[in-house]
1. Would you confirm, using the coordinates I've provided, whether Ser527 is outside any loop (DSSP other than H, G, I, E, B) and assigned by TED's automatic domain parsing to the domain that holds Phe464?
2. Any chance region 562-580 includes a residue that's over 25 Å from Thr135 (Cα atoms), assigned to a loop (DSSP other than H, G, I, E, B) and of a type outside the set (Val, Ile, Thr)?
3. Kindly indicate the residue of region 488-515 that is in a helix (DSSP H, G or I) and in contact (Cβ under 8 Å) with a residue 60 or more places away in the chain and also farthest from the chain's Cα centre (by Cα) among those meeting that condition.
4. Across region 115-156, what is the total count of residues that are in a strand (DSSP E or B) and within 15 Å of Lys168 (Cβ to Cβ)?
5. Look at Gly308 and say whether it is out of contact with any Phe, Trp or Tyr (no Cβ under 8 Å at 6 or more places or on another chain) and either modelled with pLDDT of 95 or more or farther than 26 Å from Pro149 by Cβ (or both).
6. Go through Ala272, Ala206 for me and flag whichever is among the small types (Gly, Ala, Ser), in contact (Cβ under 8 Å) with a residue 24 or more places away in the chain and surrounded by 19 or more Cβ atoms within 10 Å (Cβ to Cβ).
7. Look through region 544-562, keep the residues that are crowded, with 21+ Cβ neighbours inside 10 Å and of a type in the set (A, V, I, L, M), and return whichever of them is nearest to Phe390 (Cα to Cα).
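The values are calculated or read from the model by the stated rules, or taken from the named source; none is laboratory data. Predicted, not measured: the structure shown is a model, and the values here were computed from it. No Cβ is skipped: glycine too gets one built from the backbone with ideal geometry, and neighbour counts run over all protein chains shown.
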Amino acid sequence: MILNRRAALKRLALTGVLLSAGPIRNLIARTPFRNSSKYFRFELNPAFPKFDFFSVDSLGKSKLDHSPLLPVHGAQTTFISETSDGITRYFIKTDQNRAAWEFIPSRKGFILRSNFTGDNTPWVINFNQRENHVTLLGLVPQKNKISTPCLIHLPDMGSLSVRSEQVKSLDYLSKRMNVTVPFVRISFPAADEKSQTVEYHFEITAIYPELKEIVGDSRFDGYRRNYINTFQVNPELGMLSNNSSSDSCAFVQYGYSDIALHAPKLVDDLKAIDLVGMTVDRYLAGDKGYGIKGYLYDVPGTELVKWGGQSGSLDAFPSLLIAACNYVQGSHNQPWLKKNLLGLKRWAEEIVDRDCDGDGIVEYGFSGNSGSWSGGPEMRPANWWDTIGFGHKDAYSNCLAYRALKEFSGLCRESGESGMAEKYSGFAEKLKRNYYNTFYNPDTGVLAGWKSEDGELHDYYFTFVNGMAIAYGLVTKEQGDKIMDAMLAKMDEVGFKNFELGLPGNLISIPREDYTHHDPRWGGHTSNELNDGWQHYENGGTSGNYVYFTLSALFKLGRKRDAEKILFPMLKAFEEGDFQGECENGMTSDWRTWDGECWGYEGFLVDNYWSFLAIVEAY
């Protein structure tokens, strides 16, 4: 047995797996069983079938110092363990005839095998969400279940595909509210009388679009490791969300779908666009998300709050319509389109019905006038930037409306609905004709964020508004170049240059009367003289959110040097995991001041990773 064991150890070492020798039938061993390669480092508990250390590096560069595990509690069965021939086996102490669980490592993964013993103890992996916002990506057949095959993704670390021929779904639970420590828990059911042996096959993988121009360029490792950071499935909602225990937001689904269109398969036939389709189906069925009137959402330290606004934020239905169009394009699911065309038409009508004065520019129901905001949750502004007083004619939402109607008109034409196609394409063209003249501010040389009901332009050098208008073709190349000249000059003037933090959404401070949340913690000012909310959260705070549009605009204009001046520092930050996690001040790194102080609260916000789309487009 010893000679055979040594031969097995030598064979496994040659494949890149290093195993520690241990005694056979190691009764409640004092040290865990360790194994590692350049792709993983695992330590197994000697007295119970679970991991004591769990780290992966999908690029195989031995970044394996971090293990985001929480303890697994609650099981009563007493086990003993044995390690031989490279396999760790767990036996029930009262029945040592057959291993209840076996761990079998390979070069880029492992197998968990459960044998029926009459005991139903599952193998549970319990992740600390404060340490890493792990998610399980797959279809959700019912609440807190994920179908197999599926993918475990650890942002900033790597991914593991999960396959099982015997088990059709896993238990998946994620909680951040009303718990001591936020967690993500994945349970792998044990074998039973019906399925006497159950196997789960895990393989470490990196999922990203291959681009010839960047092959071998290590500056893009953050892109390779984290391309699918955008996808987080909330198991209770069965929808793509801010993270696996946070809200599903209607107005960001278009961004998820853009990333999904370019993503390789996640595992076997499961594609990221399938997760988009699953989410769009929930919305079509009447489920609500943040940005739609009546949605109840969590606010840390408070009870559930009802989203307060119009029937939807001005960008909600354009976002959902774009996501649906991308789903059809990526899945080629024509029966789905035929079934849901009328539902999509209702979303399109929600958009065009918002044009109150017939100029093609859609309007929000709140005026956007300075000083009109109550500061309470009953008045939500027009778009994603939900603490800034976007109202009435909103430049950002109109960009989305233009794209949504233009793309939906194409689907209508494919479906033989020429009348619908002409209606929506005609509306989109009218919007485009009037867009620049509505929002351009000759005093600054850039597009304003919104034009309020009283006719005033509200312009705080919004980076994302101007980038989006250029990227989506709502301005000419000549206009776009002049806008970017003015924007980059203003960035130099105000002294922002730390692109590892991403970009500020606005380059000059938004005064109290144009901000919807008056608490300085969220970017509001106690008074304009104090300016004490500046650079907090959405009032000039930096993040990766919406930097994609600035990058895309610069690349589209042929200004590659300007784009890469922003992109490469961000890629360095992506590789170092700088947009995830808690900071010493108790806040999180998804939003920061210009000197790097943390002012976020999600801990992980998937919108930070849309910038990878600019890489796909440019390279």
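1. No, not satisfied.
2. So far as region 562-580 goes, no, none of its residues is over 25 Å from Thr135 (Cα atoms), assigned to a loop (DSSP other than H, G, I, E, B) and of a type outside the set (Val, Ile, Thr).
3. Glu513
4. Counting residues in region 115-156 that are in a strand (DSSP E or B) and within 15 Å of Lys168 (Cβ to Cβ) gives 5.
5. Judged against the criteria, Gly308 is a match.
6. Ala272
7. Val547
Yes/no per residue for (1) of a type in the set (Ser, Thr, Tyr); (2) surrounded by 23 or more Cβ atoms within 10 Å (Cβ to Cβ); (3) out of contact with any strand residue (DSSP E or B) (no Cβ under 9 Å at 6 or more places or on another chain); (4) assigned to a helix (DSSP H, G or I):
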residue: Cys399; (1), (2), (3), (4): no, yes, yes, yes
residue: Leu405; (1), (2), (3), (4): no, yes, yes, yes
residue: Tyr424; (1), (2), (3), (4): yes, yes, yes, yes
residue: Lys432; (1), (2), (3), (4): no, no, yes, yes
residue: Asn437; (1), (2), (3), (4): no, no, yes, yes
residue: Gly455; (1), (2), (3), (4): no, no, yes, no
